[in-house]
Amino acid sequence: MNNAIFNLERPENEHTLNYAPGCRERKMLNEELDRMSSEILDIPLLIGGKEVRTGKTGRVIMPHDHQHVLANFHMAGEKEVQMAIEAALKAHKEWESVSWVERVSISLKAAELISTKYRQLINAATMLGQGKSVFQAEIDSSCESIDFLKFNAYFTTEIYKEQPHSQKGIINRIEYRPLEGFVFTVTPFNFTAIASNLNMAPVVMGNTTVWKPSSTSILSNYILMKIFREAGLPDGVINFIPGSGSLIGKAALGHRSLAGIHFTGSTGVFNGIWKSVADNMSGYRSYPRIVGETGGKDFIFVHPSSDPQEVAVAIVRGAFEYQGQKCSAASRSYIPASLWPDIKTRIGEMLSTVTVGDVREFSHFMNAVIDEASFDNIMGYIEYAKKSDDAEIVYGGTGDKSKGYFVQPTVIRTKNPHFKSMEEEIFGPVMTVYVYSDNNFEDTLRICDQTSLYALTGSVFSKDREALNTACRILRYAAGNFYFNDKPSGAVVGQQPFGGARGSGTNDKSGSHLNLLRWTSPRTIKETLIPPTEFTYPYMKADKCH
Ligand code: NAD
């Protein structure tokens, strides 16, 4: 029995490796990329610790070379979803009583395995399967995954320390129980770290999960699963079931023991999940916790006092890194007329040096978008802008899907602040700029606030402190992650807890203790040291004065 009162220090964020020519990590990564590119993996479901093959398969391809198959993955049917739920409920019985010290130790070991033994493996899988450059893979699948695993272990201990006051004669305690039932985790394609965190956050708090990964991130997600197992995660604590979202969703959301949903993805899918929960309400044992981080239409707002070079860099990095496929990617800008010609020239000069291509050629700043549906959707927005009287293409505007799903970085300028591409999430390398007259700063801030249904991230550039304050006030509800003089992407675990409200989600702030609080159902225990032996109270006695 481990009876230690165990203190975990606040961790440091994982150091990012730079993969410069000649260094060891670059050589190891290249070997891994070659190895992975030359084999076709067969990926099973993992239910109750056992591999399950259904024979109904999907393909994992390289987005930059879509005829190249990396793996075939087995897909869950109705039967496998029920098996996964049963396995999660069975494992719950043991896992909930495992000491939290052992639980966080598994999380810390998984972090260490990613940091050392499997860093190049998980990076290579994220590069090849999800189309990330080496740097984007390193900051996501290695650094952010490690940070989530370590910081959540630390936040767990901080939560458990939080205990009520006890008065003379009584002892008060709070027991942090996991939720009663299973947590359904539904993960997006764009961050390996999110796939890890959506499962491991509930798991360190004592829950078990049924995990539906995105069909376009199966390779890295399967590797994660194997790392969790090697770190000591018991059978059935996480059950990995790739397959159709609607099929798996219907079965999992209809189950009586659904205790929570940990979702990241598009607003439309999340709205559908919420509606299903409402429709199934009378059948649940408990009210399911619904946690969802969803879409964004993230902005860069520029005050006339800004430095044009700083703004241009923020736009190029913020809008085009990972092809604009971050929920936090900048996709609309508000630029004062006095600065626009200079900023436009600088963006053009930077983008003229950007190439789009194979992730294995490290010189490319950009790579392919995730799949054909995404390519067609993005090109649809670009074609719409080309035909519109309200917009002009300032840069880019072309794409080619013959070999890979390549879209050139595209800048649209519009005269209409409510133009379609100012309002809707495109999830691709498209930045739309609205140029405002310098003396309309506050009115344009109000337009920015009221333009889109989302409120995820946004940034303001200014050298004038008063202007920053004004923007902060007017845009109070326009973003859950707000930046002064920075791009609106790149939140770091433990430093900028992440999430937005309005149509961007429930704002439960991943990368902080706030998210972990959603995965516990506390029980208060009061102990009376010497219980009373008479039921009457003093006030009931006869008054001798009268
Ligand atoms: P998506 O909504 O298409 O898919 C997300 C997941 O939901 C996938 O696993 C998918 O298979 C599953 N799914 C689809 N239909 C389902 C259903 N009916 N029932 C249950 N599950 C279902 O999103 P995506 O394309 O993978 O990711 C991009 C989206 O995610 C963007 O909108 C982006 O803004 C958002 N995102 C948000 C954050 C954030 O923190 N706010 C982070 C990353 C991504």
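The values are calculated or read from the model by the stated rules, or taken from the named source; none is laboratory data. All values derive from a computational prediction rather than experimental measurement. Note that each Cβ is placed from the backbone with ideal geometry, even for glycine, and that neighbours are counted across all protein chains shown. The area values use the complete protein model at the heavy-atom level, side chains included, leaving out ligands, DNA and RNA. Shrake-Rupley method; radii C 1.70, N 1.55, O 1.52, S 1.80 Å.
Given PHE263, PHE320, which one is crowded, with 24+ Cβ neighbours inside 10 Å, part of a helix (DSSP H, G or I) and modelled with pLDDT of 95 or more? I'd like the intermediate steps shown before the answer.
Values: PHE263 fails: part of a helix (DSSP H, G or I).
One residue alone meets the criteria, PHE320.
Conditions: (1) crowded, with 23+ Cβ neighbours inside 10 Å; (2) without any contact (Cβ under 8 Å) to a residue 24 or more places away in the chain. THR187 meets all but one. Number of the miss?
(2)
If you check PHE427, PHE461, which single one turns out to be among the hydrophobic types (A, V, I, L, M, F, W, C) and out of contact with any strand residue (DSSP E or B) (no Cβ under 6 Å at 6 or more places or on another chain)?
Details: PHE461 fails: out of contact with any strand residue (DSSP E or B) (no Cβ under 6 Å at 6 or more places or on another chain).
After applying the criteria, what remains is PHE427.
Go through the stretch 279-327 and count every residue that is out of contact with any Ser or Thr (no Cβ under 9 Å at 6 or more places or on another chain) and small (Gly, Ala, Ser).
Looking only at that region, the number is 2.
Within the set of pairs 6 or more residues apart or between chains, which connect a residue that is at negative phi and modelled with pLDDT of 95 or more inside the stretch 17-30 to a residue that is among the small types (Gly, Ala, Ser) and part of a helix (DSSP H, G or I) with Cβ atoms less than 8 Å apart?
LEU17/SER142; LEU29/ALA124
Filter the strands (runs of 3 or more DSSP E) completely within the stretch 141-237 down to those with at least 3 residues that are within 16 Å of the ligand (Cβ to nearest atom) and not polar (S, T, N, Q). Show your work before the answer.
Numbers: elements: 170-178, 182-186, 209-212.
Counting at least 3 such residues, we get 182-186, 209-212.
Filter the stretch 462-480 down to residues that are open to solvent by less than 10 Å² (accessible area, probe 1.4 Å) and more than 16 Å from the ligand (Cβ to nearest atom) and give me whichever is nearest to GLU310 (Cα to Cα).
In the first step, residues of the stretch 462-480 are kept if they are open to solvent by less than 10 Å² (accessible area, probe 1.4 Å); the result is 462, 467-468, 471, 475, 478.
Then keep just the ones that are more than 16 Å from the ligand (Cβ to nearest atom); that gives 462, 467-468, 471, 475.
Working: SER462: 10, ALA467: 17, LEU468: 16, ALA471: 18, LEU475: 21 Å.
Per the stated criteria, the residue is SER462.
Mind telling me which of the residues PHE263, PHE270, PHE301, PHE240 ends up being away from the ligand (no atom under 16 Å from the Cβ), touching a strand residue (DSSP E or B) at 6+ places or on another chain (Cβ under 7 Å) and touching a residue at least 12 places away in the same chain (Cβ under 8 Å)? Steps first, answer last, please.
Numbers: PHE263 fails: away from the ligand (no atom under 16 Å from the Cβ); PHE270 fails: away from the ligand (no atom under 16 Å from the Cβ); PHE240 fails: away from the ligand (no atom under 16 Å from the Cβ).
When all the criteria are applied, what remains is PHE301.
Within the group ASP390, ASP371, which residue is closer than 14 Å to MET62 by Cα, open to solvent by 10 Å² or more (accessible area, probe 1.4 Å) and of a type outside the set (Phe, Trp, Tyr)? If you could, list the steps in order and put the result at the bottom.
Details: ASP390 fails: closer than 14 Å to MET62 by Cα.
The conditions single out ASP371.
Any idea how many residues of the stretch 481-530 are among the β-branched types (Val, Ile, Thr), surrounded by fewer than 21 Cβ atoms within 10 Å (Cβ to Cβ) and more than 17 Å from the chain's Cα centre (by Cα)?
Summing the residues that are among the β-branched types (Val, Ile, Thr), surrounded by fewer than 21 Cβ atoms within 10 Å (Cβ to Cβ) and more than 17 Å from the chain's Cα centre (by Cα) in the stretch 481-530 gives 4.
So in the stretch 294-313, with the set limited to residues that are in a helix (DSSP H, G or I) and open to solvent by 40 Å² or more (accessible area, probe 1.4 Å), which one is farthest from TYR454 (Cα to Cα)? Talk me through it step by step, then tell me what you get.
At the first step, the residues of the stretch 294-313 found to be in a helix (DSSP H, G or I) are 308-313.
Okay, now just the ones that are also open to solvent by 40 Å² or more (accessible area, probe 1.4 Å), so 309-310, 313.
On the way: GLN309: 28, GLU310: 25, VAL313: 24 Å.
Only one residue fits best here, namely GLN309.
Filter the stretch 243-260 down to the residues that are surrounded by fewer than 17 Cβ atoms within 10 Å (Cβ to Cβ) and either within 13 Å of ILE85 (Cβ to Cβ) or without any contact (Cβ under 8 Å) to a residue 24 or more places away in the chain (or both), then identify the one that is farthest from the ligand (Cβ to nearest atom).
ARG256
Somewhere in the stretch 321-343, is a residue of a type in the set (Lys, Arg), under 25 Å from ASP486 (Cα atoms), assigned by TED's automatic domain parsing to the domain that holds ASP449 and in contact (Cβ under 8 Å) with a residue 12 or more places away in the chain?
Pass one, the stretch 321-343, residues of a type in the set (Lys, Arg): 326, 332.
Of the ones still in play, those that are also under 25 Å from ASP486 (Cα atoms) are 326, 332.
This time we only want the ones that are assigned by TED's automatic domain parsing to the domain that holds ASP449, so: 326, 332.
Cutting the leftovers down to in contact (Cβ under 8 Å) with a residue 12 or more places away in the chain gives us 326, 332.
Yes - at least one qualifying residue is present in the stretch 321-343.
Can you tell me which residues in the stretch 16-52 are among the hydrophobic types (A, V, I, L, M, F, W, C), open to solvent by 20 Å² or more (accessible area, probe 1.4 Å) and under 26 Å from ILE241 (Cα atoms)? Break it down into steps so the answer makes sense when it comes.
Step one: filter the stretch 16-52 for residues among the hydrophobic types (A, V, I, L, M, F, W, C), giving 17, 20, 23, 28-29, 33, 36, 40-41, 43, 45-47, 52.
Still in the running and open to solvent by 20 Å² or more (accessible area, probe 1.4 Å): 17, 20, 23, 28, 40-41, 52.
Once the filter is applied, which keeps residues that are among the hydrophobic types (A, V, I, L, M, F, W, C), open to solvent by 20 Å² or more (accessible area, probe 1.4 Å) and under 26 Å from ILE241 (Cα atoms), the stretch 16-52 yields ILE40, LEU41, VAL52.
Enumerate the pairs (first residue in the stretch 211-223 and within 19 Å of GLY260 (Cβ to Cβ); second residue anywhere and more than 10 Å from the ligand (Cβ to nearest atom) and open to solvent by less than 10 Å² (accessible area, probe 1.4 Å)) with beta-carbon separation below 7 Å, excluding pairs fewer than 6 apart on the same chain, so at least 6 apart or on different chains.
If the second residue must be more than 10 Å from the ligand (Cβ to nearest atom) and open to solvent by less than 10 Å² (accessible area, probe 1.4 Å), the pairs left are TRP211/ASN199; TRP211/ILE238; TRP211/ASN239; TRP211/PHE240; TRP211/ILE241; LYS212/ILE241; PRO213/PHE240.
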